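This report concerns only the one structure given below.
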Amino acid sequence: PVSVNVVPVNDGIQTLAIGDVVNGAVTVPGQSQTHTFTLATATTIYFDSLTNNGSLRWSLHGPTGVLVNNRTFTTTDSGQGYSVFNLTAGSYTVTVDGSGENTGGYQFRLFDLAGAAPFTSGVQVSGTLNPASQTRAYRFTLAAGTRVYFDSIASANLVNMYWRCIDPYGDVVLANSF
């Protein structure tokens, strides 16, 4: 015997604000949650995944078309992922859905790297990542040709912690784990 059921699915649409944490859930298989935002000017955006669920995935669409297609939350900004986007002015959508019949809650944050906290060379920076998958961004300016050493002084109980140094064009210049 074979059984089939047709289940109604109601997708959600919400507006997000750059810098705010987005909380959402895919509650039934096949459901999508869409989050919209508009940029008035070109902006370098970081997608900070606050979700440790490889069964949920997200896509990013904008004026130039599909920028990300079905990326899992667990590979978004992990050591294997990279989520810096140089976005043009315009309207965008982030769509979240489950892989197959998977459902679940999710959190993410889009933030403008221009708003990263200033970092002074030679001054130690300390902080806490909560949740542990959170990203902290700092910015600094150096004269061309300046050589630096990144000193990872301490990392308590964060076995998968890593850092990246990104240039003004969004390219990774240096990267390492703690």
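The values are calculated or read from the model by the stated rules, or taken from the named source; none is laboratory data. Model, not experiment: these values are computed from the prediction. Ideal geometry is used to build each Cβ from the backbone, glycine not excepted, and the neighbour counts take in all protein chains shown. For the accessible areas, the whole protein counts, side chains as well, though only heavy atoms, and no ligand, DNA or RNA atoms are used. Shrake-Rupley method; radii C 1.70, N 1.55, O 1.52, S 1.80 Å.
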| remark: Restricting attention to segment 12-28, the residues that are part of a loop (DSSP other than H, G, I, E, B) and either under 22 Å from the mean Cα position of the chain (by Cα) or exposed (fewer than 12 other Cβ atoms within 10 Å of the Cβ) (or both) number exactly 6
| request: All but one of (1) in contact with a Ser or Thr (Cβ under 7 Å, 6 or more places away or on another chain); (2) at pLDDT 95 or above; (3) β-branched (V, I, T); (4) farther than 30 Å from V7 by Cα hold for V84, so report the exception by its number. | output: (2)
| request: Name every residue in segment 104-143 that is β-branched (V, I, T), in contact (Cβ under 8 Å) with a residue 12 or more places away in the chain and open to solvent by 60 Å² or more (accessible area, probe 1.4 Å), in order of residue number. | output: T120, V125
| task | Would you tally the residues in segment 134-157 being closer than 24 Å to G19 by Cα and either at pLDDT below 75 or of a type in the set (A, V, I, L, M, F, W, C) (or both)? | result | 4
| request: Would you be able to say whether some residue in segment 38-47 is touching a Ser or Thr at 6+ places or on another chain (Cβ under 8 Å) and touching a residue at least 60 places away in the same chain (Cβ under 8 Å)? | output: yes
| Qualifying positions in segment 14-49 - under 19 Å from R109 (Cβ atoms) and among the hydrophobic types (A, V, I, L, M, F, W, C) | L16, A17, I18, V21, V22, A25, V26, F37, L39, I45, F47
